[in-house]
Amino acid sequence: MIRHPKRLFRFRRKAAIPAHFWVAITLALAPISQAWAKNEPINYSLSGDMGAQFLTFSDNPAHPDQSNSNPQPSFHLSPRVSMPLPWKLDDGRARITAKPFIRYDSVDPQRSKLDIRELYLFVDQGEWGMRLGVLQEHWGILEGRRLIDVINQIDLVEDPRGKEKLGQPGIHSNILLPDGQLDFYLLLGHRNRTFPGRKGRFRGSSPVVGEATFTSGASARTPSYAVRYGTTQDILDVGVSLFYGLDREPNLILSSSTNTYTPEYRKVGQMGIDIQATLDHIVLKLEALERRGLKKNDNVSAVSTGMEYTFVRSIGAWDIGVLGEYYWQDQGVDAPSSTFDDDFLVGSRITFNDAGDSKLLLGVMIDHRRKDGALSMEYETWLNDGWTLKLSGSMFKTKYDNILSGLKNDDYIKTEFICNF
Amino acid sequence: MKKILLLSLCCTFTLAQAFAAPQSNTTDRGRSIAAAWKGTDLGFRDNVSTMEMNLIDKSGQTSTRSLRMKVLENPAKGPGNHILMRFTSPESVKGTSVLVHSKVGASDDVWLLMPALRKTKRIAAVDKSGSFAGSEFSYEDIGTMEHANFKYEWLREEACNKLTCAIVKQTPLYPHSGYNFIVVSYDTLENRQMKVEYFDRKDQLVKTLHLADYQQHKGKHWRAGTLSMSNHITGKKTILKMADYKFDIGLNKREFRPSLLVELLE
């Protein structure tokens, strides 16, 4: 996935998981401890990945506090444990899943962290299912921008493209309908977006280090609510979603005395639509968002469209896909200027169909109004059965002094060796 | 007016006869052989199995993947089985899943789950002639060959190993097939598919699939133990070894819902 690196400027952290939530998790774990006490065998599956990552930059950093360390090495470990629960359910089953994520970064302390990506109790009862705990959810279908993806907060310091997300505490219930499904979410506790620290790369001249603030009487404990209806009708997959609660994307307030940004979160209500038409040769995608806040500047209308066409086995066994996406956004004049107001992405996805299952994604994101852009690539191949090599990188091009110019020295290549277990 | 009607009716009749007469023999014979093969499969309800996939390149280098496979028969009481295949090893692909809803008269619906992204992606019809997980099988090849999806023509009978086989030419009727036609060998004893030859859009033989080590389940349903697909263009080969067949598990259609692929990973 290619995501525009400009996003990283609109953005910090600290989990606010309510206490009653942990009580619920502990209760859910009770049957396991029982089995343990009775010395019964516990079935569980362990999988996950760990890896070493090296960020190599083309230039020295642009801002005074940033570290000169180049490359910037870091390590991660993310095991995933899943355990069926010995509950008696008529036609269903229950299990518990845990997936922590640990990153140690040698340069930016903000990037070193332990986050609970997932930790939930899952109950599946035929036509009805429920997850209770810390969740991950993905909405949206476009490659370069996830407009309607609102359940989880972005872990921006982990991945400047915004691809990684923090675990979200809450309850999700899912009801199957004859030709679709309904999903309800009660999201408990707000997660603040993570940002690179003073020493870190991928930031503007002012780091986002201030304590998060909340407007309109909200706090980090304010719950959010979401519902989504999804249906498949022949070639069409359609989803309609509603969200009410704290917006995941903060306003950044610059403090001139300290030259730092403070994120500010506000209450919004929004409606999202996602449509995919899977035609014979081509996949067409559309996402639309209408957001309303208390202030006029919180109102947003946005539309993203995209298409992907694949030439199967075009060069030898290679499948070559061509993709194009366009993003449009309308927002109040005083609002934080959107980086996606009139942008497009042109890219290509190559599946090599070789023994290493290699894949390459190339893309150019162009903001033709601001005359800047970013070139991105992602490549992935197996080294052997357990190890994967991932290479990714971006080059930023900016003509005028704008939001992207803070990144002008941050052209990078990320080399990752990942061990899957 | 009446005259015209009568005339056109006559015309239609003779035309239909003219077209039908010369081919009815071989067409019917081909169709009934394929129907007999499909008939042995009726009522299997559901089955699970394991699959070992060996990819062999020109120089003979082999890489191995393991999968678990679930098949549900006609859940909508119409034609079209549901197939779910999930990689169990190596670790780098573990969890990657392919879901196929076979269809009649239309190309199958195919979804791909990439576990790292925890996202399910629907694949465009044309892409289904593309490679399944780097193997010599395409998504199209792993579908269930619904009976109504082909035009049939019986070609001949010939010896195949120790058996006699009926050779049937099958032309796909669904859109965007990667093949102009396939030639299937059915053994005359049990109506099992023993060999499939795939001819591309230029009528060139591109691949040959050999099916062997058949075993009968529930006293009726035949399942091949070894499927080897040779690509004559690239010289590459894929061998599937099927094992641990179990029937009547009580799989429900929920497990074959694309939106629940992620959640039912474990």
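Side notes on the structure shown:
- Loop-exposed trypsin sites (Lys or Arg not before Pro) per DSSP, neighbour cap 10 Cβ within 10 angstrom, longest uninterrupted part of chain B: B:78-161
- For residue B:109, the residues 5 or more places off, or on other chains, whose built amide H falls under 5 Å of its own are B:101, B:103.
- Table column - 3J(HN,Hα) (Hz), region A:196-207, Karplus curve with 6.51, -1.76, 1.60, x for Gly and Pro: x, x, 4, 7, x, 7, 6, 9, x, 5, 10, x
- Here is how the number arises for chain A: DSSP H runs of 4 or more residues each give -39500 (n - 2.57), the sum is divided by the residue count, and the result at 222 nm is -1500 deg cm²/dmol.
- Every Cα-Cα pair of region A:197-283 was included, and the share exceeding 18 Å stands at 62 percent.
- Under 17 Å of direct C-alpha separation, and excluding same-chain neighbours fewer than eight residues apart, residue B:246 reaches these lysines: B:70, B:218, B:220.
- Rounded to the nearest whole Hz, the Karplus-based 3J(HN,Hα) values (6.51 cos²θ - 1.76 cosθ + 1.60, θ = phi - 60°) of region A:245-257 follow the sequence x, 7, 4, 6, 9, x, 7, 9, 9, 7, 9, 6, 5, with x at glycine and proline.
- Residues whose placed amide H lies under 5 Å from that of residue A:279, excluding near-sequence neighbours: A:284
- Contour minus Cα-Cα distance for residue A:229 and residue A:397 (0.36 nm per residue): 56.5 nm
- Under a model in which nothing but the beta-carbon of Lys, Arg (+1) and Asp, Glu (-1) is charged, region B:37-265 shows a dipole of about 520 debye around its Cα centre.
- Kirkwood-type radius of the protein assembly as shown, with distances r between different C-alpha atoms, in Å: 27.8
- Cα gyration tensor, region B:37-265 - rounded (a/c under 1.5), prolate or oblate: rounded
- Residue A:299 long-range amide H proximity, modeled H, under 5 Å: A:293, A:332
- Toward the positive end of the charge dipole of the protein assembly as shown, with +1 on the Cβ of Lys and Arg and -1 on the Cβ of Asp and Glu, the farthest Cα among B:191, A:231, B:209 is that of A:231.
- For residue A:408, the aspartates and glutamates whose Cα comes closer than 15 Å to its Cα, not counting residues fewer than 8 places off in the same chain, are A:59, A:372.
- Between region A:111-145 and region B:110-141, the Cα center-to-center distance that results, in Å: 23
- Computed helical MRE - 222 nm, chain B, DSSP H runs ≥ 4 contributing -39500 (n - 2.57), nearest 500: -5500 deg cm²/dmol
- Under Karplus coefficients 6.51, -1.76 and 1.60, residue-wise ³J(HN,Hα) of region A:92-103 in Hz, glycine/proline x: x, 7, 9, 8, 10, 10, 10, 9, x, 9, 10, 10
- Dipole in debye (nearest 20) - chain A, about Cα centre, beta carbon charges: Lys, Arg +1; Asp, Glu -1: 1420
- Helix B:2-39 and the long axis of chain B differ in direction by around 40°, with both axes built from C-alpha atoms.
- Qualifying lysines (Cα of each under 17 Å from Cα of residue B:195; at least 8 residues distant if same chain): B:38, B:162, B:169, B:207, B:237, B:241
Coordinate-derived values only; no laboratory data. Just so you know, these numbers come straight off a predicted model, no measurement behind them. With ideal geometry, Cβ positions are generated from the backbone for all residues, glycine too; neighbour counts draw on all protein chains shown.
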